[in-house]
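Each value in this text was obtained by applying a stated rule to the coordinates, not by laboratory testing. As the structure is a computational prediction, the values presented were derived from the model and not from experiment. Heads up, the Cβs are rebuilt from the backbone with ideal geometry, glycines too, and the neighbour counts pull from every protein chain shown.
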Amino acid sequence: MLTEQQLKTLIDTALDHARGKTDGTEVHVFSSDYATSRFANNSMTQNQAPMHTSVSVRVLVDGKQARLTTDKLDPDNIRNVVDKAIVVAKLLEKDPKLLPVLSPSGLPPIKPVDRYDEKTGKLSPEDRAKAVTSIISVGKPKTLKAAGTYSSGVHLQAMGNSAGLYRYHQETGAGCSLTMCASDSTGWAKQEQPHVTALHQVDMAQSAASKAVGSANPQEIDPGHYTVILEPSAVLDMLGMLWHDFTGTSYTDKLSCFLDKLNTKVFGENITIHDDVYHPLQAGAPFDGEGVPRKKVTLVEKGVVKNLVHGRRSAKEFGVEPTGHGLMEPTSQGEYPVNIVVEGGDTSLEEMIRTTDRGILLTRVWYVREVDPTTKIVTGMTRDGTFLVENGQVKHGVKNLRFNESIIEMLNRVIALGPSVRIAGEESFPAVVPPMKVAYFNFESTTKF
Amino acid sequence: MKELAEQALDVATGLGASYCDVRIIDSEAQFIETKNLRVSAVNFGSSLGAGIRVLYNGGWGFASTQDLTRQGIEQAVKRAVAVAKASSLVMEKQIVLAPEPVHVDSWSSPCKQDPFTISLEQKLAVLLDAAKIITAVKGVTLATGSMAFIKDKKFFASTEGSRIEQNFIRSSCGVVANATDDHDRQRRSYPSSFGGQWELAGWEMVGKWDLPGHAQQTAEEAVALLTAPVCPQGTKDLILGSSQLALQIHESTGHPTELDRALGQEINYAGASFLTPDKLGKLKYGSPMVNLVADATTKGSLGSFGYDDEGVQAQCVDLVKDGIFTGYLSSRDTAELIGLKRSGGCMRSESWNRTPIIRMTTISLLPGDSGELDNIISDTKDGIYMETNKSWSIDQLRYNFQFSTEIGWEIKDGKRGRMFKNPSYGGITPEFWNSCDAIAGESEFITWGVPNCGKGQPSQTMWTGHGAAPARFRNVKVGIATKV
């Protein structure tokens, strides 16, 4: 793993070489040492420990820009990359909206975030193997087969530009995703945390095992409208289809579902959503692809769409300050909110179940895809622990169902919210979201298991 | 570089590994995007590194390095062996590899004109010419275009003696016309959606697909969709255009025939498969006219190669023959588990720093005897023709699927009629393929590139290809992607 000084040297090599040849230069270095132990059928199936460092150089020349990225780190090659980027940029048409590289003067200071844990960064292959063994041990007495991953490692990133801006962020990560498999049912759990001490794989395995056992011999039910209780992972992977619509560029491109709906009540009163990198349960760097400090942005307040996120280019278009969500230029997408926090409530999952006459409890959803960009109808399947709830109790597992549901309408039918937690899914990056109880959720069909 | 590969094999053997393979890959890439009449992104890249995979005491270990020195290679091999030792602590049964002949060979993908010799101005001229035509059509609110060119030089060496050099050139091009009004948003893509068409070919493919020549129709259809009626709900005969059928094959044939899925190895993320080994050679997967192959030798297909990433030679495997499920996409270790004589040669990784996993190659529906698409339309009384994928979703065992396409047309009494917007259809995989009763012939057959297949943990993106001619499916549920 490289040190911060080594990352800085790579940046300086590019900046020094570009000096006098460009109107602006920006250099990013990303370095990772992140290992994943993968298991299935109670055995390790893949086990990988890749390391990677890349240098990405953006040059601005005569009102034009180009980016070249390489992982060939010798100084001669990095200087060669700078020269090539200049040649490429000169071949382009002028970009009248191109902004100079970000100057550090006048910027607010970056608030520090602590997302690095030495113990997490130093977990060995044996440590990961022990964690996997502890997961398998939970399922074996119940004749369940375990599958999943246990991963850990370090990510570093640094950036600098010719205006004197320098940023550095180091973060560790530990993740566990697991499935407990019975003959005709499964249970699942997933977590990703900056600190391994927050990762409790045995508790996760016990929860997944309980779901697998509890949903055995699943019964088929008719599709239709049901009250649903979505556990946080299910909420995350549904709502993840909405994040892109909160970007300034998607609004300008007339691709956002919130066109002409800013400061309009779009969702229910109980829906408030922020993007907040400083939230104690969040992860990630506190600056964006151009080095702008990330701000906390309230996207939705009591159902009203309040703000969009902006990179520098989009902010100028809207006549507002950038929010620190820009992607690395040049980009067609512009920006993205990556630190979502959905405000929760005080209804526990158990209380949601207890107050449900007839409904369905969803552990997770799968293969969620947008089918209508304006009404935000998405389709997807339930998976790995789908239960019928009757008379306030979880009755039995049900065969999985396909839904076609508008996220906008769904967020107008939320009848209870639980406490928000940090959660990971498969369709979106980890976020802080609550469990939700939703009325009149639309299931279109069933499947065979 | 070859010396470093030999060193890696020697170090691994010295450390007690029973098997080791090394892939050294040198890559170069260009990604170009336009938005309306301006260049929105020019991102070029290069990458060089080595991936090292070892078996130690029956457990797998993988490590990678971009430090291509003797010291860097030695450290990476030591890391791979340490990881494999840890794996061996968590094994119910040791990994065994199905036999594969030793190959000493070189292979290059077909390329008439190296895209890296074509100037950036020439590439942009094609995209911007198409953009001018699209943006001139009244009602278009956004035009986007993209091209990508990727060159890989790959060297594979294994302790079994294989030494394989391969050279790949992949190219893509596409445009999208978006039309948004006060109530709706529609789009049309050409030649296909999600990045256009991708091929294992050179610059010549850009000329073949002629983006400017198709820009007008693409834009006009996007605008027309805004006022077109919505696809009706009901049960209809469904005719799928070849690019949509390519994705249908990808999701409902390609993924469920992956043997790692069928054995439960992917169940935590990508899912398992309804095509379990007990159904091999028995299950009536489709109607007798349905023949599906995994053919990694298909010339020019994005999913083709000379050898896979564990040194197994490219093959053509029957997945479904005369409607019966007959084969899997496999690797050396999974082939051994179900008693196959040899791997089907499907192991690939997205780069040198990821371990290979089973991936689709070129999975194709063989052409039928129904001639041209028009023949099928004229033979259809009450149906819908759907074209160009818009969204896709399928359960984790690959039974229940739902697709939406960008555009559809009503078929009444053998004639193509009204345009429909928001077309969608769904079903259960074996029921759907058993309802296939017409497949167009060779003249309508196109091999589409699908560059964004996600699988594995950490997720890897892979190049796949799918050949198909338009086909008809009877009594399919359509118009289901709505909220009622």
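Points worth noting:
- Placed amide H near residue A:364: partners under 5 Å, 5+ positions off or other chain: A:383
- Ordering B:43, B:426, B:247 by the projection of their Cα atoms onto the charge dipole of chain B, which places +1 on the Cβ of Lys and Arg and -1 on the Cβ of Asp and Glu, puts B:426 at the extreme positive end.
- For the range B:43-139, the spread of Cα positions along the three principal axes, ordered from largest to smallest, is 65, 35, 30 Å.
- With θ taken as phi - 60° and the Karplus curve 6.51 cos²θ - 1.76 cosθ + 1.60 applied, the whole-hertz 3J(HN,Hα) list for the range A:230-235 is 9, 5, x, 4, 5, 4 Hz, x standing for glycine and proline.
- Within a Gaussian network of chain A (alpha carbon springs, distance under 10 Å), most fluctuating of A:137, A:151, A:332: A:332
- Whole-Hz Karplus values for the range B:256-261 come out as x, 8, 6, 5, 5, 5 Hz, taken residue by residue from phi with 6.51 cos²θ - 1.76 cosθ + 1.60 and θ = phi - 60°; glycine and proline positions read x.
- Rg in Å to one decimal, and Dmax rounded to a whole Å, for chain A via C-alpha atoms: 23.8, 74
- Centre separation in Å (Cα based) which lies between the range A:85-160 and the range A:1-42: 12 Å
- Take the Cα of residue A:357, go 7 Å toward its beta carbon, and none of the backbone nitrogen atoms of the range A:396-436 fall under 16 Å from that spot.
- Reported value for the range A:34-93: 108 Å³ per residue, from the convex hull of its C-alpha atoms.
- Computed from the Cβ-Cβ distance with R0 of 22 Å, the FRET efficiency linking residue A:74 to residue B:167 stands at 0.40.
- Candidate cross-link partners of residue A:437 among the lysines, defined by an alpha-carbon separation under 22 Å and a same-chain spacing of 8 or more, comprise A:190, A:211, A:265, A:302, A:376, A:395, A:399, B:483.
- Remark: the range B:420-431, residue by residue, has Karplus-estimated 3J(HN,Hα) of 10, 9, 6, x, 8, 7, x, x, 10, 3, x, 5 Hz, where x stands for each Gly or Pro and the curve is 6.51 cos²θ - 1.76 cosθ + 1.60 at θ = phi - 60°.
- Spherically averaged projected area in nm², based on the convex hull that wraps the Cα atoms of the range A:4-203: 15.0 nm²
- Ellipsoid semi-axes in whole angstrom, largest first, where each is sqrt(5λ) of the Cα gyration tensor of the range B:392-467: 27, 17, 15
- Convex hull volume of the Cα atoms of the protein assembly as shown, normalised per residue: 145 Å³.
- Placed amide H near residue A:24: partners under 5 Å, 5+ positions off or other chain: A:60
- Theoretical FRET efficiency, 1/(1+(r/R0)^6), r = Cβ-Cβ of residue B:233 and residue A:83, R0 56 Å, to 0.05: 0.40
- Its DSSP H runs of at least 4 residues, each contributing -39,500 (n - 2.57), put the calculated 222 nm mean residue ellipticity of the protein assembly as shown at -6000 deg cm²/dmol, to the nearest 500.
- C-alpha center-to-center spacing [the range A:201-254, the range B:75-116] in angstrom: 36 Å
- Trypsin sites (Lys or Arg not before Pro) lying in DSSP loop within the range B:326-427, provided at most 15 other Cβ fall within 10 Å: B:341, B:381
- Near-label residues of the range B:167-181 by backbone N, under 16 Å of a point 7 Å along Cα→Cβ of residue B:114: B:167-171
- The range B:2-227: radius of gyration and largest Cα-Cα distance (Dmax), Å: 23.8, 70
- Per-q log10 I(q)/I(0), the range B:46-95, q = 0.17, 0.18, 0.19, 0.22 Å⁻¹ (Debye; single scatterer per alpha-carbon; no solvent): -0.49, -0.53, -0.57, -0.69
- Taking amide H as placed 1.01 Å from N in the peptide plane, the amide H of residue A:306 sits under 5 Å from that of A:263, A:300, A:301, each at least 5 places away or on another chain.
- Ranking of A:87, B:176, B:206 by count of other Cβ atoms within 10 Å, fewest first: A:87, B:176, B:206
- Take each residue in B:87-94, count the other chain C-beta atoms within 10 Å of its C-beta, and the mean is 6.
- Helix B:70-88 axis, angle to chain B major axis (alpha carbon atoms, nearest 10°): 80 degrees
- In this structure, residue B:412 and residue B:443 have a Cβ-Cβ separation that, at R0 = 25 Å, corresponds to a calculated FRET efficiency of about 0.50.
- Multiplying the residue separation of residue A:3 and residue A:348 by 0.36 nm and removing their Cα-Cα distance gives an extension gain of 119.8 nm.
- Basic side chains Lys and Arg get +1 at the Cβ, acidic Asp and Glu get -1 at the Cβ, and with that the dipole of chain B about its Cα centre reaches some 760 debye.
- Taking 7 Å steps out from each Cα toward its Cβ at residue B:282 and residue B:10 produces label points 5.3 nm apart.
- Across A:197, A:172, A:323, mean-square fluctuation computed from a Gaussian network of chain A (C-alpha pairs under 10 Å connected) peaks at A:197.
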